[in-house]
Structure formats: C-alpha cells, structure tokens
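A short reminder: the numbers here are calculations on the coordinates, not readings from a lab. Note that the structure is predicted; figures quoted are calculated from it, not measured. Here the Cβ positions follow ideal geometry from the backbone for every residue, glycine too, while neighbour counts run over all protein chains shown.
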Amino acid sequence: MFPKWFSKWNRDNPTNIYGPAIAFGVVGSAVFAATILVAWGQPFSTDSLQTGPRGAGMSVPEFEADLAKADPSIAGFLASTSDPVVPQGGEQTAGRARDNVPPGLEDLTVENYDRLLAAMREWTGIPDLFDDPESYQTSVGHVMIGMTRTINEGWDIHVNANKEVGVTCYTCHRGEPVPSDVWFKTGPVTASTEGWSSNQNRVTMQSQYTSLPSDALEKYLLDGERIGVHDLESRVAGVPGEDGYPGIQQAERTYALMNYVSNSLGVNCVFCHNTRAFYDGSQVTPQWATESLGIQMVLELNNDYLVPLQSMYPEDRLGPVHEDAPKLACKTCHKGYQQPLQGTNVIEDWPELATSDAPDYGN
C-alpha cells in the first residue's frame, strides 16, 4: 500500500504514522469533494417557492425529485371517484327510496346518493356506514357530513385560497375509520412545579418529539388562547403571562405550534414570515393570512363539531389521559403537504359535499 522506503523508515522509526496518513487522506478527499460541489454545483436539482423579496432568504427550497413525486394517497381517492349523474327532473329521491339516509342528503337523486354513499364507505373504511341507525358511527357520520359542508362552504377562503380544492371525508380519513394525526389532550402529564405545568421535556406527538410544551394544540386550537411570543420593549412593567403580554412559557408554546405547522405542511418559517420582522404583521407573506384562517377554522371545528361527540364514542375511541374525543389540527388534513392531496380538486365531482344547498352539477 505504501512505498518500500516508507515501510522501512516506519519499521526503523516505530511511530503511529498510519493514523495521520489515513486522516490526511480522508480530509483531502472531503476537500476534493467539496471543491467539485462548489465548482459544478450539487447534483440534485432543486426548485424553490419565493415567499418574499429575493436576497432576503425568504424561499422554501425542495428537490425537484420530491416535487415530482405524487402523494400516494391521490391514487386511492381517484379510484373511488365517479362522475355525478346530472338530474333531468322527476327522478326518485333518496329520502323516499332508501333507508337511514343522513340528514341533508334526502333530496339527492337515488343515483347520486348511491354513488356518494359508496364513496364515503371507501373513504372512511366503514363498509356498512349508515346501515345501522343505532350505531355510533352513524351518529358521528351525520355530524361529519355537516362539518365537511361547513369547511367547503364557510371556510372557502382557506381551503380554496389558491384554487378550488375543497375537502371530502377522504381528505382526513384516507380509507381508515379513524384519521391519522388526530390528537388528544395530554397535559398536565406530571404534577405542577412551583405553579408551572411540568409538561415540557416529554416525548409526545403534540410537541413533535421536542422539549417544547406538549399543550400547544390544546391551548391554541381548542382553548383559543392568544398566540404570542414577547413584548418588543426590553423592560415591561408587570408579570409576563398575566399583565397583557406573553411570558416565556407562552413563547415556547408558540414555537411548539409553529414547529407543528411547519411539519404538517412540509414548509419552513419563511413560508409565512419575513425573517427580519417576525413580529410585523404588515411584512408577512400571503400564506400567513391563509394559515391564520386555518387556525381559526380548526378552532371552530374542534369546539363546534368534534368535542361535542365525546358522549357518542365508545371507550376505545377516547383519549388515553382525559378520555376526550379525538380532535383535528393541520396535519390531520395536510399530511406533510402544503395542500392536502397536493391540491387535488376533491369536490369537483362531489358537489353534494360542497354546499348545504342544492348541489350544482354544472347543468
């Protein structure tokens, strides 16, 4: 491996020269590789979404290979999609021809009700959905239809901010009776310490497995507490967290929520914020407004639709600590993508879920 003169010299002078020689080779190889990358550029093409002024670091970069990779769930949704049957007038209604028709769907034609029912059963993974009027799944399903219509109709400004996308049962369920990425209340998970809830440094999904507080989703997406980090003044009279401005724990909860949002959408901070002025609402990106509306939407849905379902669920569907109903947050729909199902229009062929009024079949 080494020249003869080197081996002879090394025998005559027994020192550990192999280690430095190998280290020198490794360092030299690393420098060579770095030089190639600088000279030729990194081999994987990237693209970026510019969210603010160029040169300010306000962009969300992604590998083009990742951008070209379709969400595998899209195929599952498309497989369940069929064209609606445009009513011609005089058709028999589902309310007259079928049993146990959920409220709000009675006036659909039999053909459109049957296709919607078949799709909802695939979307939720419940093959006998609405068959048994005494089943808790039937009662919950009735509420879910109303919630889906509320999202599409009342929160159109969020779900259709960039283009028509909408939501269906599949957006969250993806073929499972219980959607992934729902959450339950966990705190306080230990007794309070000197008046502070000891719910940090706990490995939980809600904290994204960080040492940040685990109750951020509960405080901001259920209780509706104000999201805030700090006061801009260096010295402020009063007690943080009590006298009108956030304290350290509120700031850390905010970081926990922002970390959750970032992971839920697969983006970084500058997707919504201007890095040089996080505190200034006039310098944020357009996505900040969309996300702010999303937070308000989730807050409403949890309190108006999901929390009241607690009494309907069997014990094995309730939370492990407080026996509370499952609740949703950003990741329940987005699953790591900026738009659920990468912006697939899921209500185009399902106008029955787009509005509480008569469906618009485009005729």
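Using Cβ contacts closer than 10 Å as the measure, can you line up LYS327, LYS185 from fewest to most?
LYS185, LYS327
Please list log₁₀ I(q)/I(0) at q = 0.11, 0.20 Å⁻¹ for segment 265-354, using the Debye equation with identical point scatterers on the alpha-carbon positions.
Those come out to -0.48, -1.07, one per q.
Just the Cα atoms of segment 77-117: what Rg and Dmax do they give in Å?
Taking only Cα atoms of segment 77-117, I get Rg and Dmax of 10.7, 31 Å.
Provide the gained length on full extension for the span LEU318 to ASP357, in nm with one decimal, where the gain is 0.36 nm per separating residue minus the Cα-Cα distance.
10.7 nm
Based on other C-beta atoms within 10 Å, arrange ASP12, ASP107 from fewest to most.
Listed from fewest to most nearby Cβ atoms, that is ASP12, ASP107.
Could you derive backbone 3J(HN,Hα) for segment 145-162 from the dihedral phi with the Karplus parameters 6.51, -1.76 and 1.60 (θ = phi - 60°), listing whole Hz in sequence and x where the residue is Gly or Pro?
Couplings: 4, x, 5, 4, 5, 4, 4, 5, 9, x, 10, 3, 5, 8, 6, 10, 4, 9 Hz.
Just to check I understand the Karplus step: with θ = phi - 60° and J = 6.51 cos²θ - 1.76 cosθ + 1.60, what whole-Hz values come out for segment 248-260, glycine and proline as x?
Working through the residues one at a time gives 4, 5, 5, 5, 5, 4, 4, 4, 4, 5, 5, 5, 5 Hz.
Between VAL239 and ASP83, 0.36 nm times their residue separation minus their Cα-Cα distance comes to what?
Difference between extended and current length: 50.1 nm.
What lysines could a cross-link reach from LYS335, if we take a straight Cα to Cα line under 23 Å and drop same-chain neighbours fewer than 8 places away?
LYS69, LYS163, LYS185, LYS219, LYS327
Please give me the summed charge of the neighbours of THR344: other residues whose Cβ is under 14 Å from its Cβ, Lys and Arg +1, Asp and Glu -1.
Surrounding charge for THR344 is -1.
Contact order normalised by length for segment 252-341, with contacts defined as Cα pairs under 8 Å and 6 or more residues apart; what percent is it?
34 percent
For labels at ASP231 and ALA39 in the simple 7 Å Cα→Cβ model, what's the distance in nm?
It works out to 5.8 nm between the two label points.
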